[in-house]
Amino acid sequence: MEERATTTRLRRSPLHAAHVRLGGQMVDFEHWEMPVKYSGIVEEHHTVRKAAGLFDISHMGEIWINGLRAADFLNWVLTNDVSALETGQAQYSLMCNEVGGVLDDLYVYRIGAETFLLMVNASRTGRDMLWLEEKLEEFGQSNRVVLKNVSQDYGAVALQGRASEKILSDAIGGNGLIKVDRPSDLQKNEIEAFALGDRDVYVARTGYTGEDGFEVIAPAECIGDVWNRLLTAGESEGLKPCGLGARDTLRLEMGYPLYGHELSEQITPLEAGLGYFVKLGKGEFVGSVELANQKEKKPNRKCVAFRLTDKAPPPRAEYTIWGRDTVWKTGDLNMIGKVTSGNQSPSLGIGIGLALVQSSFAGMGTKLEVNIRNRNVPAEVVKKPFYKPKD
């Protein structure tokens, strides 16, 4: 994660004062001043794996989509099958351009029969909204679909780790307003609204760490109350505030993609290994023709997980990946791709990474070499995730 000097032009989370008070190290992340760490990235990483961590994710964007044709519109602009969602359910999906490149990856929450909430990446929120507005004009049902970017009106936190269910139940009580009674009743990829004073907060059993956990989306004026309630309820369970640095190492150990690294307008979901979330059988959607063609012909490159097999500094994004000639069997070493994300795995104690490589080098166990500080370090392609959370 790149750290840059903060300036007064950076946007601030509604929880900014809390981060400063708790000693968070603030950095520029996608033009937001956010905490990269508190006590330390590795310590916070282990806290989430062993107990629970609390992250500020208020930089993420929120877009409401309402109307009689809202579901049909979303099914046309997203790769997953939105029509499969029942009220109170959520799904991961991708937004692609006409040639199959990924504009953004996001979560879709079905709040009501005609009401949806999208949680999108901070760096893409404005672009996503413009693109959705353009596509709505093409869709031709603008009087039956309403789009609203409410990102400035909301804050969000992620409570992640095996102790998260108990902590959340102690912090937020009362009956749900959609389909379940208590937060603990939520299953994976379900969302519920709960009353907090005179405001509604949305609690989803989703996350980006691989651990059991919840994400809470609330009006900006009361997200501070949510944060404080969770920290107080979690004190006896070992809950700690965590920064974006640990969130990144946690997601990397699971092999989860990060937009701008494993995903971009030049990378398709099939190349990124996310074909499961591309429902070509649901009917035509933006990018479906090109994606169907790529699926039939097979992608020329694929995103793979790899681990170093020798001790070395950790791999980093943009480091080159090398492989031995497998066609003519000459043994020649050729550059066959680049690292998209890499780091030292706190859980495993080794260098791990994701890389976009030629498809012929994507098989499990394939031997690779990663150029790290002008030295080629041996590595091998492995199965995701790198780390399997304990039940």
Using Cα centres only, tell me the gap between segment 77-116 and segment 269-304 in whole Å.
16 Å
Please give the FRET efficiency for N228 paired with E318, using the beta carbon to beta carbon distance and R0 = 41 Å, rounded to the nearest 0.05.
0.55
Please list, short to long, the whole-number percent of alpha-carbon pairs of segment 300-391 in consecutive 5 angstrom bins beginning at zero.
3, 15, 28, 26, 16, 8, 3, 1, 0, 0
In what order do K384, K297 fall by count of nearby beta-carbon atoms within 10 Å, going from fewest to most?
K297, K384
Enter the Cα centre distance for the pair segment 140-168 and segment 343-372, rounded to the nearest angstrom.
34 Å
If the cut-off is 21 Å between C-alpha atoms, which lysines fall inside it for K388, apart from same-chain ones fewer than 8 positions away?
K50, K188
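Normalised by the residues of the chain, what does the relative contact order come to in percent, with Cα pairs under 8 Å and at least six apart?
Once divided by the residue count of the chain, the mean separation gives 17 percent.
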May I have the convex hull volume per residue, in Å³, for the Cα set of the chain?
139 Å³
Starting from 0.36 nm per residue, how many nanometres of slack lie between R144 and V289 once their C-alpha separation is accounted for?
49.6 nm
Straight-line reach from K297: which lysines have Cα under 26 Å away, leaving out those fewer than 8 places along the same chain?
K279, K282, K329, K338, K367, K383, K384
What distance in nm separates the simple spin-label points at S360 and R373, each placed 7 Å from Cα in the Cβ direction?
3.3 nm
Where both residues lie in the chain, what percent of DSSP beta bridges are antiparallel, nearest 5?
95 percent
So, with points 7 Å from each Cα along the Cβ direction, the N66-I350 label distance in nm works out to 5.2 nm
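Can you compute the helix-only [θ] at 222 nm over the chain? Use -39500 (n - 2.57) per DSSP H run of at least 4 residues, normalise by all residues, nearest 500 deg cm²/dmol.
Per the formula, -6000 deg cm²/dmol.
Any read-out appearing in this document is the output of simple, stated calculations on the displayed coordinates, not a laboratory observation. None of these values were measured; they are calculated from a predicted model. Note that we place each Cβ from the backbone using ideal geometry, even for glycine, and neighbour counts take in every protein chain shown.
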